[in-house]
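**Q** This is the structure, below, for whatever I ask next.
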Amino acid sequence: METHRLLDRDLDILRDRVLLLGGETETALLRAMYALVERDSAAAREVLAGDDEIDQLELEIDRLCIDTIALRQPAARDLRFVISAAKITPILERIADHACNIARAAIELNDEPQLKPYLDLPRMAQHASSMLHAALDSFTSGDTASARAVIERDDEIDEIYNRVFRDLIEMMVNEPHTTARAARLLFVAKHIERIGDYVTDICELTVYMTEAEFIKHSN
Amino acid sequence: MSTSTPIPTVNQTTSHARASVADAPRASSEAMPPKINVANLDFFYGKTQALYDITLDVPPRQVMAFIGPSGCGKSTFLRTLNRMNDTIPGTRAVGRVMIDGQDIYAPGTDVVALRRKVGMVFQKSNPFPKSIFDNVAYGLRINGMSSSKNDLEARVEKALQNAALWTEVKDRLKTSALGLSGGQQQRLCIARALAVEPEVVLMDEPASALDPIATQKIEELIVELKRQYTIVIVTHNMQQAARVSDMTAFFWLGKLVEVTPTEKIFTNPNEKLTEDYITGRFG
């Protein structure tokens, strides 16, 4: 007779919930950027309204992790998986918070004339969401090669951020009446840049989960 | 049991074991010679081989836990460390077991002195049907280890204190040991083992028959005792191994698969076989 460990069922549920949270977070980021680029404040408000669900998912995963540790006493790779899930969850929640901040900026910016066509910001956001997607795939499959590859991609976001930063500062200096809007866009850029850093953290946890190696702070 | 996982060869095992011992972060006594040094030990019950080429060092004043499924040889191996298997007819040990650099299987070894130095506590508490005092005093008397009545009393008290039992029994030392609770009886057996001033204490599932509170007391005692003694414990309770031991050795089918610092074996064991066992993936 085939037997299944009770733990496996818990780990499957935990994995599913983390992936659901990851999916919701990715959607929030894409919708917030859509709201900004397409000047759709209704979409921005949807992102804000959806944040409660993300917060509840975070709490649910916290409880699942605690219960699994308390009731199943996972060891070795199982323990590393639960610890990684417990650490990835608040990271995803924070990414969703950044998406909300982008949505709030969009609502304010949409009430005013557009400063200039958005080119670099959507590219940055596209890059960040694609990294997030790949990071969640790596986490699911435990593929450390792809997790490490995602970490490398964060440099591209940093490059675009630096360029956006320079452009916007220059605009504020040369056209002081744009300062309020430019400052908001600067914050949007910063939010996306931070998301890139958080995705890197997720990938580092995937490496820990699979190889039991701490690569965080290794540079 | 069926598993597709190959058994690591003994050479892999010992190289891992040695590397792990050397890497042990808690091994403050790293530079000190091992208290127990076992090399290439085979053990037989008649024609049946129970242990295969075990090579293992136990550092002084640490707790080493032996884990593994039933029948893997961990209790047999524990009992080779003070020649308790000698009492079973037809058994045979081949290889070397050194304690403090002395081969305990060398001809002319004083087995009584060996067992005084390497005490043992069993799964089921086995107090003599005597008073609490006489249980602890027993070994001291037969070994002629006390110079006077006062000295005997002092040694009994010290042993009971070391076993964390003194305050519970000091007012009823002359009553029968059989009136104690299971957990107290087990600590009495530990006191009896400690009374003759051993240097190594072997424990074969010492808490498996106890409730959680008595188990906790035994575990706290083990951690306390390692300040003075080298302790080797066989346990089926992996959380217990995790809680009390500095090093954990995993046995399977009579072979030592790996010996690794406890925090490592429970987070990232060297061998897949070990990981499959501690995560319950066997079978």
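**Q** What span do the alpha-carbon atoms of chain A cover on each of the three principal axes, reported in whole Å from largest to smallest?
**A** So the three principal-axis extents are 73, 38, 24 Å.
**Q** Per residue of A:66-77, how many C-beta atoms from partner chains lie within 10 Å of its own C-beta, taken as a mean?
**A** Partner Cβ neighbours, averaged per residue: 4.
**Q** Measure up B:K149/B:K226; B:K74/B:K117; B:K47/B:K272; B:K149/B:K217 against 23 Å on the Cα-Cα distance and list the ones that go over.
**A** Long pairs (Cα-Cα over 23 Å): B:K149/B:K226; B:K47/B:K272; B:K149/B:K217.
**Q** Taking all pairs of distinct Cα atoms, average 1/r, flip it, and tell me the Kirkwood hydrodynamic radius of the protein assembly as shown in Å to one decimal place.
**A** That comes to 26.9 Å for the protein assembly as shown.
**Q** Right, here's the next one. Can you give me the relative contact order of region A:77-219 as a percent, contacts being Cα pairs under 8 Å and 6 or more apart?
**A** About 40 percent, as a whole number.
**Q** With a ≥ b ≥ c taken as the square roots of the eigenvalues of the C-alpha gyration tensor of region B:75-217, please select rounded if a/c is under 1.5 and otherwise prolate if a/b is larger than b/c or oblate if it is not?
**A** In terms of gyration-tensor shape, oblate.
**Q** In bins 5 Å wide, starting from 0, what share of all Cα pairs of region A:113-219 does each bin hold, as a percent?
**A** P(r) over region A:113-219, rounded to whole percents: 2, 13, 21, 18, 14, 11, 8, 6, 4, 2, 0.
**Q** Take every residue in peptide B:272-282, count the Cβ atoms of other chains within 10 Å of its Cβ, and give the average of those counts.
**A** Mean inter-chain Cβ contacts per residue within 10 Å come to 4.
**Q** How about A:K216: which lysines have a C-alpha closer than 24 Å to its C-alpha, ignoring those fewer than 8 places off in the same chain?
**A** Within the straight-line limit of under 24 Å, A:K216 reaches these lysines: A:K87, A:K190, B:K264.
**Q** What is the distance in Å between the Cα centres of region A:85-160 and region B:84-133?
**A** Value for the Cα centre distance between the two parts: 65 Å.
**Q** Helix B:149-162: angle to the longest alpha-carbon principal axis of chain B, degrees 0 to 90, nearest 10?
**A** Taking Cα atoms only, the helix is inclined about 40 degrees.
**Q** Note the angle between two axes, namely the Cα long axis of helix B:182-195 and the longest principal axis of the Cα atoms of chain B, as a number of degrees from 0 to 90, rounded to the nearest 10.
**A** The answer is roughly 90 degrees.
**Q** Okay, moving on. If you average 1/r over every pair of different alpha-carbon atoms in region B:138-254 and take one over that average, what Kirkwood value in Å do you get? Could you put the intermediate results ahead of the total?
**A** Numbers: mean 1/r = 0.0657 Å⁻¹.
By the Kirkwood definition, the hydrodynamic radius is 15.2 Å.
**Q** Could you work out the helix-only [θ] at 222 nm for chain B, with each DSSP H run of four or more residues adding -39,500 (n - 2.57) and the total divided by the number of residues, to the nearest 500 deg cm²/dmol?
**A** Estimated from H runs of four or more residues: -10500 deg cm²/dmol.
**Q** Does anyone have the angle between helix A:144-174 and the longest principal axis of chain A? Alpha-carbon axes, 0 to 90°, nearest 10?
**A** The helix A:144-174 is inclined about 20 degrees to chain A.
**Q** Using the count of nearby Cβ atoms within 10 Å as a rough guide to exposure, how do B:M247, B:M98, B:M32 rank from fewest to most?
**A** So the ranking, lowest neighbour count to highest, is B:M32, B:M98, B:M247.
**Q** Show me, bin by bin at 10 Å from 0, the whole-percent P(r) of chain B based on Cα pairs.
**A** Histogram of Cα-Cα distances, whole percents per bin: 7, 29, 34, 22, 7, 1, 0.
**Q** Counting other Cβ atoms within 10 Å of each Cβ, which trypsin sites (Lys or Arg not before Pro) in region B:222-275 have at most 13 and sit in a DSSP loop?
**A** Of the trypsin sites (Lys or Arg not before Pro), the ones in loops of region B:222-275 whose Cβ has at most 13 other Cβ atoms within 10 Å are B:R227.
**Q** Just check region A:38-158 against the gyration tensor rule for me: Cα atoms, a ≥ b ≥ c as the square roots of the eigenvalues, rounded for a/c under 1.5, and otherwise prolate or oblate depending on whether a/b exceeds b/c. All intermediate terms of the calculation are to be shown ahead of the outcome.
**A** Details: a/c = 4.21, a/b = 1.65, b/c = 2.55.
Here region A:38-158 falls in the oblate category.
Rule-based calculations on the coordinates, nothing more; no lab input. These numbers come from a predicted model, not from an experiment. Every residue, glycine as well, gets a Cβ built from its backbone with ideal geometry; the counts of neighbours run over all protein chains shown.
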